[in-house]
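Working notes for the structure below.
Laboratory data are not the source of any read-out in this text; all were calculated from the coordinates shown. From a predicted model like this one, the values you see are computed outputs, not experimental measurements. Positions of Cβ are generated from backbone atoms using ideal geometry, with glycine treated the same way; all protein chains shown enter the neighbour counts.
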């Protein structure tokens, strides 16, 4: 029995979890952490909790994984299959891999494949193959199912629910099951929840015979360009992009006050451009940055919290931004370039808030940066790996020029393969390229099963109209008040996001809450981005904060305390979505230069003041009443009103002046004490 972690052609561990060497920076802070990186991921990331496989089963899994990647590249280059066939073939591979690789329970991870998992894999293959082979016959029946169709639908729905429970989230599986039960018994429900769309026949007609349920648009998004970007990320990581990001981040911020923590912020933000998974981002950069932070004097809980916050925000950074943004573009029918543009200011403000908090805590603790001789040379890093930026630039350019997302991702993949051999440090052998394709195929499995699962939620919503019912309840509770509605949607997002992936949280809210915000006059993109943003922040909201727990495992800190420290650090970020709701031009789709610039400027001041109030430091430690004043003024600045902005700026000036005078008085007093002693 041998555990195959990275594919058919791979030997050793992933580049992101390799034992750090001292050559680049002069330090090797993460030696012990790097050795247990896989163990941490297995504990806190379901996607990495794989079972031990025999060589034969491992070979089968790798063949299916390689086929997914090659199939996606081929269809992106030469044209996609009809929707039902494209999606069923993709789901076929994903489900077979899932049941062979992921155990029913985590305690079975050291055991081989159970007999029932072979049965589940075979049933998944049969159900998806039925949809693929009988595509034309299903099409000709015009959405009317027969008994065989209904049987296949029931079996496939059960398999998707079980796969989601194993790999993605038991909560998502349970929520989907509740929706399905409602769809079946909807005609027996009382009052406004009653629907005529009950029964198995109507469910199969709507959720299996047409691309609306299991094979709906979320799975279509995963089976086209989301998985291509996952493959793009796998290739970049294989040729050393993660090392390049860390070296540049260390060179740029390592010498500043509290440098290692700022390295974590910068490197996690950059790493997020190629990885939309928060837990993987924590382990990918945290095994290096967290020991550095602890070595420089940061408390373990704070070091873990910095990495958790910085890694979670990676889903806000273009060009990848996580799978939810691709689904958003498909769902509301706007170009992804607009989604990418909309994420710039919120992403900047998010990382600004984390960066400011780190800077204030560093000054409060009296921490300094790293010695120059321990830092890598940015110019040398650019010479050795700087050409890896070319695929990024090309992808962003193509998206902005309105090329299809599939084409942009395909060009990015081809450029990585063509450009990486230019330097020895990034050159990949044919085996490494094949390994990256296998690894990319495996990483698409979680997207596939989760999108099939949330597709059923959307199918039930459109079949029964329950989304409108739930939306009306929200309006009744809020009495049409916009601020109260936003708060209710935020609470719903955070509760649903506890243990559920951002994709699932966003899709449920997009069908239930976003239409409510649109009814209140919020632009469609702004409403959906509000839901998306809080779906991300739910990842670091206690009591279920998986990135914080993963960071705590690396830092050796208390997971609960680390989660609450991360939550406190992210409080300024919780205010940002309200800014772009009341000032939609911050999403850069309807730009009013004067208002947008003023709003961004005052939002930065607001984030700074809120962080000052939370940390209790501005030039020197602050008394409690000044902390409360700073926090309140920060909220005033974040509210996009001229009067509140002026009040907030006035408070900032007052605090800076008074704190500077007090600091000078303290320094003068210290000088007199020294003279008296001498």
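I'd like the FRET efficiency for residue 414 and residue 185, computed as 1/(1 + (r/R0)^6) with the beta carbon distance as r and R0 of 51 Å, rounded to 0.05. FRET efficiency, residue 414 to residue 185: 0.50.
Counted residue by residue at 0.36 nm each, then reduced by the alpha carbon distance between them, the extension gain from residue 661 to residue 402 reaches 87.8 nm. Extents of segment 593-673, largest first, come to 53, 22, 16 Å (Cα atoms, principal axes, whole angstrom). Among the listed values (1) 26.0; (2) 27.3; (3) 29.4, the one matching Kirkwood radius over Cα pairs in Å as calculated from this structure is (1). Residue order for 382, 490, fewest other beta carbons within 10 angstrom first, comes to 382, 490. Shown is the FRET efficiency for residue 106 and residue 200, computed with R0 = 30 Å from the Cβ-Cβ distance and rounded to the nearest 0.05: 0.35. For 166, 202, 427, the sequence from fewest to most other C-beta atoms within 10 Å is 427, 202, 166. Each of residue 139 and residue 119 was given a label point 7 Å from its Cα along the Cα-to-Cβ line. The distance between the two points is 3.6 nm. Averaging the sequence gap over all C-alpha pairs within less than 8 Å and six or more residues apart, then dividing by the number of residues, gives the chain a relative contact order of 18 percent.
Fully extending the segment from residue 78 to residue 178 would add 32.0 nm, taking 0.36 nm per residue of separation and subtracting the current Cα-Cα distance.
Would you list 673, 307 from fewest to most Cβ contacts within 10 Å?
The fewest-first ordering by Cβ neighbours comes to 673, 307.
What the Cβ-Cβ distance of residue 147 and residue 379 gives, at R0 = 51 Å and to the nearest 0.05, is a FRET efficiency of 0.15. Per residue, the chain reaches -22500 deg cm²/dmol at 222 nm when only DSSP H runs of four or more residues are counted, each adding -39500 (n - 2.57).
A crude spin-label estimate for the pair residue 252 and residue 646, with each label 7 Å from Cα along the Cβ direction, gives 3.7 nm. Once both labels are positioned 7 Å from their Cα atoms along Cα-to-Cβ, the gap between residue 70 and residue 429 label points is 2.0 nm.
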